[in-house]
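Participant: Just passing along the structure, written as structure tokens.
The values are calculated or read from the model by the stated rules, or taken from the named source; none is laboratory data. As the structure is a computational prediction, the values presented were derived from the model and not from experiment. With ideal geometry, Cβ positions are generated from the backbone for all residues, glycine too; neighbour counts draw on all protein chains shown. Please note that ligands, DNA and RNA were not included when accessible areas were found on the heavy atoms of the full protein model with its side chains. Shrake-Rupley method; radii C 1.70, N 1.55, O 1.52, S 1.80 Å.
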Amino acid sequence: MTQYIIKRIGWIIFNLLVLSLIAFILIKNVPGSFLELQILIGQAGTMGTGLTISEVEKVRGVETEMMKRWGEDVPLWQQYLTFIKGLVTLDMGPSFRWPTQTIEEIIANTFPVSFTIAILAVTIAIIIGIPLGVLAALKQNSWIDYLVSALVMVVSAIPNYVMAVFVIFLFSFWIPILPTYGWGQPKNYILPVLAMSFGPIGSIAGYMRTSLLDALKQDYIRTAWAKGGTERHVIFGHAMKNSLIPLVTILGPMISHLILGTVFVEGMFGVPGMGQYFSQAAGSRDYPLMMAQTVIFGLILMIMNLIVDIIYFFLDPRIRVSRR
Amino acid sequence: MRRFLTIILSLVILSSTFLGTAYAEKVFRWSGSWGNTWDLSFHQGFIWVHMMGLTEGLIKWDKDMNPVKGMAESYTISKDGTVYTFKIRKDAKWSNGDKVTAYDFEYGIKYILSPKNGRGSFFGGAWYIKNAKDYANAVISDPNQVGIKVLDEYTIQFTLDGPHPDFLTTCALPTLYPMHRTSIEKLGNKAFDAGNLVTNGPYKLVGYTPNVEYILEKNPYYYDADKVEVDKIVGKLGGDPFLMYRRNEVDLINVGAAQLPVIEKDPILKKELITFPQSTVNLMYFSYFEHPAFDDRRVLTALQKAIDKEKICKFVYRGLAKPAYSVVTDLIPGSTANDPEVVEKFRFDPEAARKLLAEAGYPGGKGFPTVHFLIHSGQANDPLILAVKSEWEKNLGIKVIIDNYEQGVWSVKRFEIQSEPTFTFSGASYLYPDPAAPLTLNYAEGCLVASLKTKDLVEKVRLEKEQTEALKAGDEKKASELAKRIHNIIYTRSTPEARKILSLVQQAQRTTDPKKRLELYRQANKIRDINMYSSFPLVQPMSARLVKSNFEVPFNKYLVGFPVGFAYIRTK
Amino acid sequence: MEDKILISVKNLKKYFSRGKDIVHAVEDVSFNIRRGETLGLVGESGSGKSTVARLIIRLIDTDGGNIIFDGVDITTLSEKALKPFRRRMQIVFQDPASSLNPQMTVGTIIKEQFLIHKLGTKQEQEKWVEELLEKVGIDPSFKDAYPHEFSGGQQQRICIARAIALRSEFIICDEPLSSLDVSIQAQIIKLLEDLQKELGLTYLFISHDLAVVKHLSDSIAVMYLGKLVEFSNKKDLFSNPLHPYTITLLSSVPTIKGEEKEVELKGEPPSPINPPEGCPFNPRCPKKEDICERETPILEEICEGHFVACHIVQR
Ligand SMILES: Nc1ncnc2c1ncn2[C@@H]1O[C@H](COP(=O)(O)OP(=O)(O)O)[C@@H](O)[C@H]1O
Ligand SMILES: [Mg+2]
């Protein structure tokens, strides 16, 4: 097992290198640059009449100086090596857009927040979603089942910013017990976590329902009934565990997605997570942040997959025990 | 049930207000600012928060936007208007108790100018200082050549490149701010973190969570601390402002046209709504393309006269804007935005517009080229752009295509030469009430460029691209030759009116007599408004704010409607 | 005692709803199985054999008819009242892989029923498990292995071990050989025979293949579209098949001599959703007459112990 994990980690590193190289090439070839966009902003703030072409041309004089500061005055391959070196030594320098924060600082400050929120949201989703799914499966084709299925559809279809407004109305206006915005106190976690958990509740409940229905059709379940097993025995002793295993596979991507894909919820509730930094990185051509984003994204995804595989390994004897 | 909830709701609100008064601390929470760093050398949102309360220049603006002495105790201006000497007040202190000296100003201004720091904030009076622009643009590298001189610990002198009466007012802007040298040299980037940032204004930064909020507290060392009423300022950087306001989590928010109907229906909100004009014009302007139709003044006039700005203001902006006929708002002294002649020339008149277009050879829009609107993703839902498109299509029978690009791609695309007539959209804001704020020398030179025929403009852009290439290749000779040719195009092929504007502005810059100066600018404005066609002013938006009734906030019409200063906020 | 009927099924009915349609899965099926004997239930796939099996062991509820087990009508017994009967009848499914919970070791799978029915001490249970495994030909030392570690044949042996663990008298084998290689099939048949001899088991042996049933069965029931079309002892059925369907089935059983097939079965079986009027076999019957399309034949005893549902034969 240890050997397997080491091998996998080796693969992750290799994949990250490939990924970052591809990303680097792509990023550097997208038209537009941070400076170009800054001129745009500066211009809007001051002259902005569109007649300031000569002004813009003059500003370009600074470009060389800035390129030097950002290490963009050397050939691309050298820039890439610098990036890799920065990655390895955890010294990736400042972001363009957040010039007084280094990439490492940004990640160190925001990752724990995003991670906690994501884990909490998934935990809630599991706590609510699994029983819902089980209920729907056990009462297949009853009104409960239809209700759950409708719920699953609704919450998966509604974007999380609508959910965000919904929970704000619910807990800040109708039952005014929580602030809509802010960070620092435990209560600040409640609304964002809630808003983020709806989608996962839907997918977990839906997934659980199908996978339990699937399990219940298996012959070993029939045998268990035939043996005189009780409901508790058959469903919880036999069906549940088997239907939970496939669920683990969707949790990995789900958590990665939540860690990285929470821009709106972060903005809405004032959560200082990664999403807001990253969502603006590409738009503002903040190359260091874009690169960091790519690597973090890849890393989280691959580590989640690894964790899922390890959990799978312990859960599923078919994988754990090799054929004799 | 509903009633029950209302009772609970009001109880909660009551108790919260009650609790609020139980504490002596006065807190003002607002939403509407943004930013990424507290380093003044970076041109981004937080420099305005510096201006509102963290850092104070030699001059500050009083609550009515008049320049008054800030860190300066007194000042003298040389007869020719080019040398400004400021004496700094002895009781000026940084938020850590250090005294504010002339060296801090020299350090700060040069820090902001330096191409090694930040990315320059290219506006305002810093440009007037001798050699400042060349230093900022890395043309010269010696900061000592910049016209800033410390005469003694409390005296600083600026030598300008000419008389600029608006220099005094711009001393209140963030390009001419002092910075705390010792902390920056000791801590580097960390000097700009909350708690480390040393400021000399009425407030200091005590808390900052990026993308979430910042917290300012009264600076006890501020010389005028007695007059600062609010103890704590909280700036919220996200969230849904309208929801936060209604939930009583903020005291001031910006509102848009979309929220007006809701506000109108609510008697309390209606009372708390404040609207005021903004020194901004939304406009559209040519990109680089070649087409004779767009050199024809009849066509250009027709295009402008075919836009019903009144209707757009009424329906698109719900009254939160007024028609603009000049790229310079009427909030700027010397503006001719309301000049009857200007207004009449471009007033909405579809009949006349069609006639002009027909005279130019495009009756009913027949034969007229397809017009492109080159917009970026941030403008994709801008109703103004859609309105202009439909006005043109409806009133002139011409075809408009909207090309929507991602912002970064757009920023490159808009400088490219287009194959078909293309417009882009933008807004122009002017930061302070002086005729020179919009009418800089650069701008006047820009007028020359803007008056070129489309094919000359395209030629100029081609040459500029060649020039850039030549410079990159290190071919100085070719580059300077190209520069000459560019210069030649600009000065020989531009219109006499444009050259007149330039000479008026040049003249105005040398004029110290305020009345004469204003008149010169007025003339320049009017010529531009009547004769310059490459940009079409559309509307002048208004700011709308909701302010809780227990606060009185003076607003700055020139700075996207921020409060003038936190120190001026009063509680009722 | 020997000749006593252990299980008797009377007019068994089961309908499933599939959307708006109704599937007539089992229609009026009746038969008896004597203790210690084997009834082979044969029919094409979809004819309702498994449904009969599931009805008998009360995995699903009947829509009519009775199941009498050892003299007791268990058709509508509550789960609690049924519990002692559950001990006495077991089922072995077609796919051993899906019949064994992949999460459990083989030992646990077998032991589970001792737990359900609260039998024996821990040590005894362990001992029984080992004995059972040994009995079905699995090395007891493998009791801590997981199902996937065994071959298909071994897995089916484990299923059989599980089925006989509670000393059940009646075991339903629902196509237990279908997923196994031919060479393994013979071994399993041998095992089932041995166990029947040793433990006096009664089997309901289901198959779509007459050849398989031939070895084991004492009597044979042929099912077509939810109905029994012929029921007889083995000898009579093979020597004197009466129903045209049985005849076609037999003709497709390869004989040692490789004789020519007499009749070919035409077309696909009609769907149980809209069973044909009259005799269910009439659309494919080579001897079809008018009456076959009008009236449904009922199962009648033609000679002693030989029942047929066919207008032609009955005449
Ligand atoms: N749970 C069920 N729901 C609906 N239809 C079913 C169900 N189980 C079996 N059927 C239908 O009943 C018919 C008989 O099925 P089955 O008893 O499995 O046949 P066999 O075992 O002979 O192949 C088939 O048409 C099948 O589709
Ligand atoms: Mg079957």
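Participant: Considering each of A:Val248, A:Val271, A:Val265 in turn, give the residue that is among the β-branched types (Val, Ile, Thr) and at the interface with another protein chain (Cβ under 8 Å from one of its Cβ atoms).
Facilitator: From the options A:Val248, A:Val271, A:Val265, the qualifying one is A:Val271.
Participant: Are any residues in the range A:65-97 more than 17 Å from A:Val295 (Cβ to Cβ), within 13 Å of chain B (Cβ to nearest Cβ) and assigned to a loop (DSSP other than H, G, I, E, B), and if so, which ones?
Facilitator: Scanning the range A:65-97 gives A:Trp70, A:Asp73, A:Arg97.
Participant: Away from chain A (no Cβ under 14 Å) and open to solvent by 50 Å² or more (accessible area, probe 1.4 Å): which single residue out of B:Pro277, B:Pro261, B:Pro267 fits that description?
Facilitator: Just one listed residue meets the conditions, B:Pro267.
Participant: In this structure, is C:Gln94 within 16 Å of ligand 1 (Cβ to nearest atom) and either open to solvent by 40 Å² or more (accessible area, probe 1.4 Å) or at pLDDT 90 or above (or both)?
Facilitator: yes
Participant: Which count do you get for residues in the range C:166-199 that are more than 14 Å from chain A (Cβ to nearest Cβ) and within 15 Å of ligand 2 (Cβ to nearest atom)?
Facilitator: Adding up the residues that qualify gives 1.
Participant: Could you grab me the full set of residues in the range C:198-243 that are in a loop (DSSP other than H, G, I, E, B) and either open to solvent by less than 10 Å² (accessible area, probe 1.4 Å) or more than 13 Å from ligand 1 (Cβ to nearest atom) (or both)?
Facilitator: Within the range C:198-243, C:Gly200, C:Leu201, C:Ser217, C:Asp218, C:Gly226, C:Asn240, C:Pro241, C:Leu242, C:His243 qualify.
Participant: Moving on to the next point. Tell me whether the range B:121-128 contains one or more residues that are open to solvent by 10 Å² or more (accessible area, probe 1.4 Å), within 13 Å of chain A (Cβ to nearest Cβ) and either modelled with pLDDT of 95 or more or closer than 27 Å to B:Asp91 by Cβ (or both).
Facilitator: yes
Participant: Check off (1) within 16 Å of ligand 1 (Cβ to nearest atom); (2) crowded, with 23+ Cβ neighbours inside 10 Å for C:Thr38 and give me the number that stays unchecked.
Facilitator: Every condition holds for C:Thr38 apart from (1).
Participant: Follow-up. Cβ-Cβ distance below 7 Å, separation of 6 or more or different chains: which pairs start in the range C:34-63 with a residue that is basic (Lys, Arg) and end on one that is within 14 Å of ligand 2 (Cβ to nearest atom)?
Facilitator: From residues that are basic (Lys, Arg), the pairs are C:Lys49/C:Leu41; C:Lys49/C:Gly43; C:Lys49/C:Ile206; C:Lys49/C:Met223; C:Arg54/C:Ile60.
Participant: Here's a check for you: in the range B:232-244, which residue that is modelled with pLDDT of 95 or more and open to solvent by less than 20 Å² (accessible area, probe 1.4 Å) is farthest from the other protein chains (Cβ to nearest Cβ)?
Facilitator: Only one residue tops the list, namely B:Ile233.
Participant: Give the residue, chosen from C:Asn32, C:Asn11, C:Asn101, that is more than 11 Å from ligand 1 (Cβ to nearest atom) and at positive phi.
Facilitator: Just a single option satisfies the conditions, and that option is C:Asn11.
Participant: Quick one: in the range B:133-156, which of the residues that are hydrophobic (A, V, I, L, M, F, W, C) and away from chain A (no Cβ under 14 Å) is most open to solvent (accessible area, probe 1.4 Å)?
Facilitator: So, considering only residues that are hydrophobic (A, V, I, L, M, F, W, C) and away from chain A (no Cβ under 14 Å), the one most open to solvent (accessible area, probe 1.4 Å) is B:Leu151.
Participant: Does the range B:467-475 contain at least one residue that is at pLDDT 80 or above and in contact with a strand residue (DSSP E or B) (Cβ under 8 Å, 6 or more places away or on another chain)?
Facilitator: No, the conditions are met nowhere in the range B:467-475.
Participant: When you go through (1) within 11 Å of chain A (Cβ to nearest Cβ); (2) out of contact with any His (no Cβ under 6 Å at 6 or more places or on another chain) one by one for C:Val29, which number turns out not to apply?
Facilitator: (1)
Participant: Among the residues of the range C:140-148, is there at least one that is open to solvent by less than 40 Å² (accessible area, probe 1.4 Å), in contact with a Lys or Arg (Cβ under 6 Å, 6 or more places away or on another chain), within 14 Å of another protein chain (Cβ to nearest Cβ) and in a helix (DSSP H, G or I)?
Facilitator: There is at least one residue in the range C:140-148 that is open to solvent by less than 40 Å² (accessible area, probe 1.4 Å), in contact with a Lys or Arg (Cβ under 6 Å, 6 or more places away or on another chain), within 14 Å of another protein chain (Cβ to nearest Cβ) and in a helix (DSSP H, G or I).
Participant: For the range C:46-66: of the residues being within 14 Å of chain A (Cβ to nearest Cβ) and more than 16 Å from ligand 2 (Cβ to nearest atom), which is most open to solvent (accessible area, probe 1.4 Å)?
Facilitator: C:Asp61
Participant: Out of the residues in the range B:312-353 that are touching a residue at least 12 places away in the same chain (Cβ under 8 Å) and of a type in the set (D, E, K, R), which is most open to solvent (accessible area, probe 1.4 Å)?
Facilitator: So, considering only residues that are touching a residue at least 12 places away in the same chain (Cβ under 8 Å) and of a type in the set (D, E, K, R), the one most open to solvent (accessible area, probe 1.4 Å) is B:Arg318.
Participant: Right, here's the next one. Those residues that are among the small types (Gly, Ala, Ser) and modelled with pLDDT under 95, I need them from the range B:148-190; list them, please.
Facilitator: B:Gly162, B:Ala172, B:Gly188
Participant: Can you list the helices (runs of 4 or more DSSP H) found entirely within the range A:219-324 that contain at least 2 residues being over 24 Å from the mean Cα position of the chain (by Cα)?
Facilitator: Per the criteria, A:219-226, A:240-260, A:287-315, A:317-320.
Participant: While we're here: Which is farther than 21 Å from B:Leu520 by Cβ, within 13 Å of chain A (Cβ to nearest Cβ) and among the acidic types (Asp, Glu), of B:Glu445, B:Glu464, B:Glu459?
Facilitator: B:Glu464
Participant: Looking for whichever is among the polar types (S, T, N, Q), modelled with pLDDT of 90 or more and out of contact with any helix residue (DSSP H, G or I) (no Cβ under 9 Å at 6 or more places or on another chain) here; the options are C:Ser99, C:Ser50, C:Ser45. Which one fits?
Facilitator: C:Ser50
Participant: So, in the range C:200-214, how many residues would count as being farther than 7 Å from C:Ile171 by Cα and within 13 Å of ligand 2 (Cβ to nearest atom)?
Facilitator: Of the residues in the range C:200-214, 5 are farther than 7 Å from C:Ile171 by Cα and within 13 Å of ligand 2 (Cβ to nearest atom).
Participant: Given the conditions (1) of a type in the set (Phe, Trp, Tyr); (2) more than 16 Å from the chain's Cα centre (by Cα); (3) under 30 Å from C:Asp181 (Cβ atoms), report the number of the one that C:Phe93 does not fulfil.
Facilitator: Against the list (1) of a type in the set (Phe, Trp, Tyr); (2) more than 16 Å from the chain's Cα centre (by Cα); (3) under 30 Å from C:Asp181 (Cβ atoms), C:Phe93 comes up short only on (2).
For (1) surrounded by 22 or more Cβ atoms within 10 Å (Cβ to Cβ); (2) in a helix (DSSP H, G or I); (3) within 14 Å of chain B (Cβ to nearest Cβ), each residue gets a yes or a no:
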| position | (1), (2), (3) |
| --- | --- |
| A:Val134 | no, yes, no |
| A:Asn141 | no, no, no |
| A:Asp145 | no, yes, no |
| A:Val152 | yes, yes, no |
| A:Val162 | no, yes, yes |
| A:Leu170 | no, yes, yes |
| A:Trp183 | no, no, yes |
| A:Ile190 | no, yes, no |
| A:Gly202 | yes, yes, no |
